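Here's the structure, in structure tokens; my notes come after.
The values are calculated or read from the model by the stated rules, or taken from the named source; none is laboratory data. Owing to the predicted nature of the structure, the values given are computational and were not obtained by experimental measurement. Cβ: placed from backbone, ideal geometry, glycine included. Neighbour counts: every protein chain shown.
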């Protein structure tokens, strides 16, 4: 099935929901936060207990992780040819890259290194924004050239040397997972010390790793777990980068979503999910292509944008991190 981009024309958002369930059993372990634990809250009408299974921040990372081949240290096959910044250490060993690094292109390993390759390129491209309004279109074109993924992920170039630290784009593709009408499934266990079940040598305790340590554990059950995906089509069009770029960014986003649903739903040891049904919420008439179709379309779209001179050459920009 070909991708029907025309059905998205005039629509500000593409909204997709995926119904999920545990791969085995009924329990799942939600994400947790320091000093908070699981993020529980009430539904808007107060009728149900809700829980955040995966946050927007974590989902952004997961949507990118499924695009990267860790063994080959490069894009998965369908995305090869996209620009990316790869950072090596002084010995030439791979250190990180702009797809997986916590702050993407704003990573200190990219912008704080003695190697100013990327910093100088950004400063040259964006130097005219030191004063006045930030030219979002120029910023997007620069990101497309060096690190296309950053347009979808969002970016905040906080360094004052780059337009006073005002260069930022919100995420064009965002996602999160919620569960509704949840109930706690309490359990527990014990860390066993077969040598000395009580205190260890010289009276050392569990803090040092000795002795038997019983613990409680809370997991959850829910009749409905949903992954929500929001692609901001209006934001993509507002960059003014042309039809080929718009179609490429939309296709990359759909590829990320479907590949995550197929390969990335083992969120934690006790949270392994699978999709039951995928629903297009808006626009209703959009037909979601399958993953195979998206993978087949991407190489042609990537080269069409490259032929317009939109990408940096070489597309894999390598730099060295030195303190």
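Could you look through the range 109-167, keep only residues that are in a helix (DSSP H, G or I), farther than 26 Å from residue 305 by Cα and in contact with a helix residue (DSSP H, G or I) (Cβ under 7 Å, 6 or more places away or on another chain), and pick out the one that is modelled with the highest pLDDT? Write out each step before concluding.
Taking the range 109-167 first, the residues in a helix (DSSP H, G or I) are 109-111, 117-129, 136-147, 149-153, 163-165.
Filter once more, so that each one left must be farther than 26 Å from residue 305 by Cα: 109, 111, 163-165.
Now drop any that are not in contact with a helix residue (DSSP H, G or I) (Cβ under 7 Å, 6 or more places away or on another chain), which leaves 111, 163.
Numbers: 111: 93, 163: 81.
Checked the range 109-167; the qualifying residue modelled with the highest pLDDT is 111.
The condition of being at pLDDT below 95, in a strand (DSSP E or B) and surrounded by fewer than 21 Cβ atoms within 10 Å (Cβ to Cβ) holds for residue 219. Within the range 15-40, the set of residues being modelled with pLDDT of 95 or more and in contact with a helix residue (DSSP H, G or I) (Cβ under 8 Å, 6 or more places away or on another chain) comprises 16, 18. Say whether the condition of being touching a residue at least 60 places away in the same chain (Cβ under 8 Å), under 24 Å from residue 230 (Cα atoms) and crowded, with 17+ Cβ neighbours inside 10 Å is met by at least one residue in the range 93-104. Among the residues of the range 93-104, not one is touching a residue at least 60 places away in the same chain (Cβ under 8 Å), under 24 Å from residue 230 (Cα atoms) and crowded, with 17+ Cβ neighbours inside 10 Å, which makes the answer no.
Of all the residues in the range 246-302, those that are touching a strand residue (DSSP E or B) at 6+ places or on another chain (Cβ under 7 Å) and not in a helix (DSSP H, G or I) number 18.
Kindly indicate the residue of the range 270-291 that is in contact with a helix residue (DSSP H, G or I) (Cβ under 8 Å, 6 or more places away or on another chain) and surrounded by 15 or more Cβ atoms within 10 Å (Cβ to Cβ) and also nearest to residue 67 (Cα to Cα) among those meeting that condition. Checking each candidate, the answer is 291.
On the stretch given as the range 63-77, residues that are touching a helix residue (DSSP H, G or I) at 6+ places or on another chain (Cβ under 6 Å) and either farther than 14 Å from residue 97 by Cα or surrounded by fewer than 16 Cβ atoms within 10 Å (Cβ to Cβ) (or both) total 2.
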